[in-house]
Amino acid sequence: MTKVELPDFGMPDAMPEIPPALYQARLERLRERAEARGYDRLVVYADREHSANLAYLTGFDPRFEEAILIVGPSGEPALVVGNECYPMAGAAPLSLRRNLFQDFSLPSQPRDRSRPIAEILSEEGIVRGGRVGVVGWKTYSSREMSDAPAFLVDELRRIAGPSAVENATDLLMDAADGLRVINEVEQLAYFEWAACQTSQGVRNLVFSLRPGLTELGAVRLLEWNGTPLSCHLMLTAGPRARFGLLSPSDRRIQRGDPFTTAFGIWGALNCRAGFVAADANDLPIGIGDYAERLVAPYFEAVAEWYGALRVGVAGGVLHDIIRRRLGDPFFGISLNPGHQLHLDEWVNSPVGPGSSVEVRSGMALQVDIIPATGTDYFTANIEDGVALADESLRRAFAARYPAAWQRIEKRRRFMANAIGIELHPDVLPFSNIPAWLPPFLLEPGAAMTLA
């Protein structure tokens with residue numbers, strides 16, 4: 001733990017736009033994959049919690065309701081929506097044919113102007129003997145399983161045949177080559193913008209944190225600007241902090257409290273956790289060696305993970321680093337140490353035991369390595385987002401988004417010179433608090449470094 005001055009990396013002047021032509025290009029790539037697998041139609045399901053696939057393809061995400069996108073081999077795809085999303089869908093940057101299906105609407109809203117779903121599906125080319133791929137948001141051991149609603153999947157199977165409908169979510173979300181895990185330069189520029197918002201918010205919070213502030217008051221320090229969230233805002237201190245995923249309450253934060261916060265919007269999430277303390281003297285009795293026993297080995301493990309990351313490294317290699325360093329049950333590492341992110345906080349993960357899936361240029365990854373000790377030592381967390389870019393993609397990024405590129409290079413220099421973590425040229429840090437880990441949150445000027 002060393003005195004570290006966290007620089008001002010700067011903030012974007014404007015949100016990068018995804019051009020309408022890119023949505024059409026994504027649709028055509030999806031059609032090519034559907035044809036290669038022999039699908040006559042794809043049905044993409046979405047709801048408020050699981051809208052990323054639909055938003056990626058069309059720029060539209062449903063609010064309050066479910067929606068489906070029916071994709072054929074050519075022409076405009078059909079969007080099926082309820083009462084409130086029908087007019088909203090007109091704002092989508094991709095040209096769509098809208099169909100009203102009022103059973104997607106909220107309870108007790110009018111149901112008097114739409115056709116049965118079977119009629120809509122049949123009119124859109126779903127017929128007996130035709131093969132249909134259903135895109136939800138999970139894959140399973142069997143393609144027969146789907147997380148799309150039973151009333152939809154059952155109707156598709158009644159029309160096309162019981163064996164003609166299968167799970168096709170991997171076309172978009174497969175950890176190795178799903179369309180959404182390999183990002184265009186425009187999408188990566190948006191993710192960098194998003195990471196600036198969330199990381200700067202967490203930075204503001206940590207530097208302004210003080211005992212006596214309520215959890216709800218602390219959340220305001222994040223300065224959320226209204227960009228759609230990728231998960232509920234998380235902030236807790238004291239006894240509830242051990243549960244991790246809870247929303248803030250009006251409890252007042254106290255000196256010595258365990259503390260955690262996570263702030264995620266489309267394309268980015270940042271998390272920090274530690275103790276509301278200025279030094280070890282403020283810690284609860286019995287864990288005065290918190291920094292030495294938990295934080296230091298955790299930080300060393302994450303630093304090695306960062307150092308190994310580059311285009312072409314297998315996910316199993318990254319997993320083994322964390323397993324070797326933090327495999328002791330005390331650390332409580334149970335989830336994948338790193339995963340892909342997009343508009344949703346977790347798309348998939350190439351990182352796992354024995355994984356041969358190689359990380360590729362264009363992937364956006366979350367450095368999500370969380371020790372859950374289940375003890376008074378609580379946890380430490382240094383969760384930030386990065387992207388992988390080969391030389392060609394780096395040149396394109398630097399040429400099209402020079403201000404963002406300057407921020408990325410400044411972060412890389414900070415990580416190398418102040419923190420001691422040398423990144424491969426392929427690794428682009430997007431966070432304005434890159435690898436910055438202050439164990440004692442009331443002393444943010446003292447952070448972990450590599451000697």
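The values are calculated or read from the model by the stated rules, or taken from the named source; none is laboratory data. Everything numeric in this text was worked out from a predicted model, so none of it was measured. As a convention, Cβ positions derive from the backbone with ideal geometry for all residues, glycine included, and neighbour counts pool all protein chains shown. Only protein heavy atoms, including side chains, enter the accessible area calculation; ligands, DNA and RNA are left aside. Shrake-Rupley method; radii C 1.70, N 1.55, O 1.52, S 1.80 Å.
In table form, for the structure just shown:
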read-out: Single match in 428, 343, 393 (criterion: among the aliphatic types (A, V, I, L, M), within 20 Å of the chain's Cα centre (by Cα) and not in a loop (DSSP other than H, G, I, E, B)); value: 428
read-out: In the range 396-423, the residues that are in contact with a Pro (Cβ under 8 Å, 6 or more places away or on another chain) and not in a helix (DSSP H, G or I); value: 401, 423
read-out: Residue list for the range 37-66, restricted to those being within 18 Å of residue 126 (Cα to Cα) and of a type in the set (Gly, Ala, Ser); value: 38
read-out: Check on residue 175, within 20 Å of residue 365 (Cα to Cα) and in a loop (DSSP other than H, G, I, E, B); value: yes
read-out: Residue under evaluation residue 245, criteria (1) open to solvent by 20 Å² or more (accessible area, probe 1.4 Å); (2) in a loop (DSSP other than H, G, I, E, B); (3) at pLDDT 95 or above, criterion not met; value: (3)
read-out: Members of the range 97-116 found to be assigned to a helix (DSSP H, G or I) and open to solvent by 20 Å² or more (accessible area, probe 1.4 Å), listed by number; value: 103
read-out: Which numbered condition residue 231 fails, given (1) open to solvent by 40 Å² or more (accessible area, probe 1.4 Å); (2) under 25 Å from residue 341 (Cβ atoms); (3) in contact (Cβ under 8 Å) with a residue 12 or more places away in the chain; (4) not acidic (Asp, Glu); value: (1)
read-out: Selection count where residues are more than 19 Å from residue 173 (Cα to Cα) and open to solvent by 30 Å² or more (accessible area, probe 1.4 Å), scope the range 117-148; value: 7
read-out: Among (1) without any contact (Cβ under 8 Å) to a residue 24 or more places away in the chain; (2) of a type in the set (Gly, Ala, Ser); (3) crowded, with 18+ Cβ neighbours inside 10 Å, the one test that residue 55 misses; value: (1)
read-out: Set 215, 192, 223: member being acidic (Asp, Glu), open to solvent by less than 20 Å² (accessible area, probe 1.4 Å) and more than 25 Å from residue 363 (Cα to Cα); value: 215
read-out: Filter pass, residue 390 being over 26 Å from residue 13 (Cβ atoms), surrounded by fewer than 21 Cβ atoms within 10 Å (Cβ to Cβ) and among the acidic types (Asp, Glu); value: yes
read-out: The lone exception for residue 8 - which of (1) out of contact with any Ser or Thr (no Cβ under 7 Å at 6 or more places or on another chain); (2) closer than 30 Å to residue 441 by Cβ; (3) touching a residue at least 60 places away in the same chain (Cβ under 8 Å) it fails; value: (3)
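Okay, residues lined up against (1) without any contact (Cβ under 8 Å) to a residue 24 or more places away in the chain; (2) under 28 Å from the mean Cα position of the chain (by Cα); (3) more than 19 Å from residue 156 (Cβ to Cβ):
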position	(1), (2), (3)
30	no, yes, no
34	no, yes, no
40	no, no, no
43	no, yes, no
48	yes, yes, yes
51	no, yes, yes
88	no, yes, yes
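Per-residue answers, yes or no, for (1) among the small types (Gly, Ala, Ser); (2) out of contact with any helix residue (DSSP H, G or I) (no Cβ under 8 Å at 6 or more places or on another chain); (3) within 20 Å of residue 39 (Cα to Cα):
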site: 93; (1), (2), (3): no, no, no
site: 108; (1), (2), (3): yes, yes, no
site: 118; (1), (2), (3): yes, no, yes
site: 129; (1), (2), (3): yes, no, yes
site: 144; (1), (2), (3): no, yes, yes
site: 180; (1), (2), (3): no, no, yes
